[in-house]
Amino acid sequence: MSELQTQLDKLRSAFDRDLEKAQNDKALDNVRVRFLGRSGEVTLLRRGIGQLPPEERPSAGKVINEAVEAMEAVLQQAQAALEMRAFESRLAEKIDVTMPGPPAAIGSIHPNRRIIQDICRFFQNHGFAVVLGPEIEPEYYNFDALNIPADHPAREGFDSFFLTDNLLLRPHTSPMQIRTMQQHRPPIAVVVPGRCYRRDAVDARHLFQFTQIEGLLVGEDVHMGHLKGMLTGMCRELFGRDQQVRFRPSFFPFTEPSAEVDTTCPLCRGNGGECRMCGGSGWIELGGSGMVHPNVLRNMDFDPDVYSGWAFGFGVERMALVRYDIDDIRRLYENDPNFLYQLA
Ligand code: DAH
């Protein structure tokens, strides 16, 4: 019995010595494992109980348990003291609140947004208003009022995401021509930027959600020369001072005549050759345009003998690809800061 006590005393002084040297959490834990752990010193002692005469075993167990409790209590105190010291040293830390912090990352205007802003500013400087319209439209605005009757094959290309029998995500911004003409008599001069939707398979040049900017001018004696002049000015604003614009005959039900609009390829400056941007033609297609169809004017109760107008609808992402020499349209929607900062 007294032999056990001697062993315990020895153990305890070894424990105290180790504990004194333990100055951090890890060292404390090592002490705990060494003495109180599952295969620690105390466990070894406990094993010895089996060799004692049976009547001595209970009291031997008791003595060991008491010693263990005492050591655990001391360990806990040591732990608390360590924490306190760490806390106090943090309190004593001196912080220079006047030291400049790391600079905050400031976002940049998205390439699409920049194109929209530049085009809108150009047209606003020429007296146009910027208007926005709903992205969900009934068939009437998407098609019928734009001279695309229900059985017209031109609907096919615009056949997009129907939400009900009658409502769909707009496939183009042209419905806003109708909404504007319903609300205002000529002269009308608006541009309409906005999101559009079509069931196109996504690849380097196509998205099912994209952005268009629409233009509409209606008044007396409005002719295609005005259209070409405005679009040339717009392209010079976006791509450079020497831009040219050309019209290629085309068809849209809501314009007559209709034209596809091309502008000088900004990469090869119209020289073509091996240019990867324009495929060697020297021209980049921007979108559709034309003189507002007399039927559309009539639908709005505007007398086509008095009023005429032109309209255009261009793809904004398309212009961003060309303006910033981007190889894949999907990059515009990946929100990769490394990409966006390059264009900031
Ligand atoms: N809405 C047509 C489209 O998305 C583009 C267009 C063509 C718009 C001629 C117009 C226009 O305003 O006059 O393909």
Worksheet, complete the sentence: Here the gain from full extension of V306 to E56, 0.36 nm per residue of separation minus their alpha-carbon distance, amounts to 77.9 nm
Practice prompt. Translational diffusion coefficient, Stokes-Einstein: compute it for segment 269-313 using the Kirkwood radius over C-alpha pairs as Rh, at 4 °C and 1.567 mPa s, and state it as an integer in µm² s⁻¹.
Written response: 99 µm²/s
Item to complete: Determine, for each peptide in 79-85, 257-263, 188-194, the mean count of other beta carbons within 10 angstrom over its residues, then list the peptides with the highest first.
Response: 188-194, 257-263, 79-85
Worksheet item: If one computes P(r) from the Cα atoms of segment 197-344, what percent of pairs lie at distances over 18 Å?
Response: 62 percent
Worksheet item: Measuring with a 1.4 Å probe in the full set of protein chains, what accessible area per residue, in whole Å², belongs to the chain?
Response: 56 Å²
Worksheet item: Based on the Cα atoms of segment 183-257, what semi-axes does the equivalent ellipsoid have, where each is the square root of 5 times one gyration tensor eigenvalue, given in whole Å with the largest first?
Response: 25, 19, 14
Worksheet item: Evaluated at 10 °C with a viscosity of 1.306 mPa s, what Stokes-Einstein diffusion coefficient in µm²/s does segment 1-80 have when Rh comes from the Kirkwood expression over alpha-carbon pairs?
Response: 122 µm²/s
Practice prompt. Grab the eigenvalues of the alpha-carbon gyration tensor for segment 82-172, scale each by 5, take roots, and send me the semi-axes largest first in whole angstrom.
Written response: 59, 23, 10
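For the ranges 58-69, 131-142, what's the packing order if you count other beta-carbon atoms within 10 Å of each residue, average per peptide, and put the highest first?
Sorting 58-69, 131-142 by mean packing, highest first, produces 131-142, 58-69.
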Practice prompt. Once you have the Cα-Cα distance between Q79 and Q183, take 0.36 nm times their residue separation minus that, and quote the gain in nm to one decimal.
Written response: 29.7 nm
Worksheet item: Given a cut-off of under 8 Å on Cα pairs at least six residues apart, what relative contact order in percent is computed for the chain?
Response: 14 percent
Item to complete: Could you work out the mean projected area of the convex hull around the alpha carbons of segment 213-300, in square nanometres to one decimal?
Response: 6.2 nm²
Item to complete: Under 27 Å between C-alpha atoms is the cut-off here; go through the chain and count lysine pairs that meet it, provided they're at least eight residues apart or on different chains.
Response: 4
Item to complete: Using a 10 Å cut-off on Cβ atoms, rank the peptides 210-222, 94-106, 114-126, 326-338 from the highest mean neighbour count down.
Response: 210-222, 114-126, 326-338, 94-106
Worksheet item: Roughly what angle does helix 111-125 make with the longest principal axis of the chain, taking Cα atoms, 0 to 90 degrees, to the nearest 10?
Response: 40 degrees
Practice prompt. Apply the Kirkwood formula to segment 119-235: the hydrodynamic radius equals the inverse of the mean of 1/r over all pairs of different alpha-carbon atoms; give it in Å with one decimal.
Written response: 15.3 Å
Discussion item. Is there a quick way to get the dipole size of the chain? I mean about its Cα centre, with the Cβ of Lys and Arg at +1 and of Asp and Glu at -1; what is the value in debye to the nearest 20?
Written reply: 820 debye
Practice prompt. For segment 143-154, just list the computed ³J(HN,Hα) in residue order, Karplus coefficients 6.51, -1.76 and 1.60, θ = phi - 60°, integers in Hz, with x standing in for Gly and Pro.
Written response: 10, 3, 5, 8, 6, 10, x, 3, 9, 7, x, 5
Worksheet entry | Using θ = phi - 60° and Karplus 6.51 cos²θ - 1.76 cosθ + 1.60, couplings along segment 27-41 (whole Hz; Gly, Pro as x) | 5, 4, 5, 4, 4, 4, 5, 5, 9, 10, x, 4, 10, x, 4
Worksheet item: To the nearest 20 debye, what charge dipole does segment 163-240 have about its Cα centre, counting +1 at the Cβ of each Lys and Arg and -1 at the Cβ of each Asp and Glu?
Response: 140 debye
Worksheet entry | Estimated 222 nm signal from helices in the chain, with DSSP H stretches of n ≥ 4 weighted -39500 (n - 2.57), rounded to 500 | -13500 deg cm²/dmol
Worksheet entry | Volume in Å³ per residue [convex hull over Cα atoms, computed for the chain] | 296 Å³
Item to complete: Could you check the simple spin-label distance between L91 and S39, using points 7 Å along Cα→Cβ, in nm with one decimal?
Response: 4.3 nm
Worksheet item: Whose amide H sits under 5 Å from the amide H of S258, counting only residues 5 or more places off or on another chain, with H placed in the peptide plane?
Response: S250, F252
Discussion item. Need the full-extension length gain, H206 to Q5, defined as separation in residues times 0.36 nm minus the C-alpha distance. One decimal, nm.
Written reply: 63.8 nm
Discussion item. Along the Cα→Cβ direction, 7 angstrom out, place labels at M277 and E69. What is the inter-label distance in nm?
Written reply: 8.6 nm
Fill in: About the Cα centre, charge dipole magnitude for segment 213-344 (Lys/Arg +1, Asp/Glu -1 at Cβ), debye
420 debye
Discussion item. Over segment 279-339, what portion of Cα pair distances is larger than 16 Å, expressed as a whole percent?
Written reply: 62 percent
Practice prompt. Return the sequence-ordered ³J(HN,Hα) values of segment 235-245 in whole Hz as given by the Karplus equation 6.51 cos²θ - 1.76 cosθ + 1.60 applied to θ = phi - 60°, using x for Gly and Pro.
Written response: 5, 5, 4, 7, 10, x, 6, 9, 4, 10, 10
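The values are calculated or read from the model by the stated rules, or taken from the named source; none is laboratory data. Just so it is clear, the structure is predicted and the values come from calculations on it, not from any experiment. In this analysis, Cβ positions are derived from the backbone assuming ideal geometry, glycine residues included, and neighbour counts consider all displayed protein chains. Just so you know, the surface numbers come from the protein's heavy atoms only, side chains and all, with ligands and any DNA or RNA stripped out. Shrake-Rupley method; radii C 1.70, N 1.55, O 1.52, S 1.80 Å.
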